Amino acid sequence: MSEWQPGFEPKILAFACNWCSYAAADLAGTARMQYPTNIRIIRVMCSGMVHPGLVTEAFQAGADGVLVMGCHLGECHYQDGNHKAKARLAVIDEMLSLLGLEQERFRLIWYSSAESERFAAVAREVTDVLKKLGPSPYRRDASEYADKGIIQCL
């Protein structure tokens, strides 16, 4: 576990499905709901498209936390994409332990497009948890990897 550092602001990368999670995040912004700006969202068509390798690459590029956000189970616009996401991302816990990272640094979350308040609440909660955990041991100065084209939104 990393040490808490005063002034530390975690970098959180979120993969959000286009139909529900991204819409919830967009609605939270449109409604001017207050939540930390630590989250960088990458819109994907379906949470089932997020390969575990993308999650580990985000951590290795310096993300302090990663979220994968999809439609509620049974409500996927692609029938069973969120069930595929749940199955595919089940290996993440093991991968995190191999990387020496706490499991609290990753979350798989289900939203409907109307759950903007829940999105804002989860954003606050995740940011608070990561502040307590401190920076990822893989975190580096952005200049170290910006020229290499590695997940530039961090």
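The values are calculated or read from the model by the stated rules, or taken from the named source; none is laboratory data. Source: prediction; values computed, not measured. These accessible areas exclude ligands, DNA and RNA; they are computed on the full protein's heavy atoms, side chains included. Shrake-Rupley method; radii C 1.70, N 1.55, O 1.52, S 1.80 Å.
Note that the stretch 35-47 has calculated 3J(HN,Hα) couplings of 7, x, 8, 6, 8, 10, 9, 10, 7, 10, 5, 8, 4 Hz, one per residue in order, obtained from phi through the Karplus relation 6.51 cos²θ - 1.76 cosθ + 1.60 (θ = phi - 60°); glycine and proline are x.
What relative contact order, as a whole-number percentage, does the chain give when Cα pairs under 8 Å and 6 or more residues apart are counted? Normalised by residue count, the contact order of the chain is 38 percent. Could you please state how large a percent of the accessible area of the chain is carbon and sulfur, counting protein chains only and using a 1.4 Å probe? In the chain, the share of accessible area belonging to carbon and sulfur is 51 percent.
With the helix formula -39500 (n - 2.57) applied to DSSP H stretches of n ≥ 4, the chain reaches a computed 222 nm mean residue ellipticity of -10500 deg cm²/dmol. Against the empirical 2.2 N^0.38 Å (N residues), the stretch 12-137 has a Cα radius of gyration ratio of 0.99.
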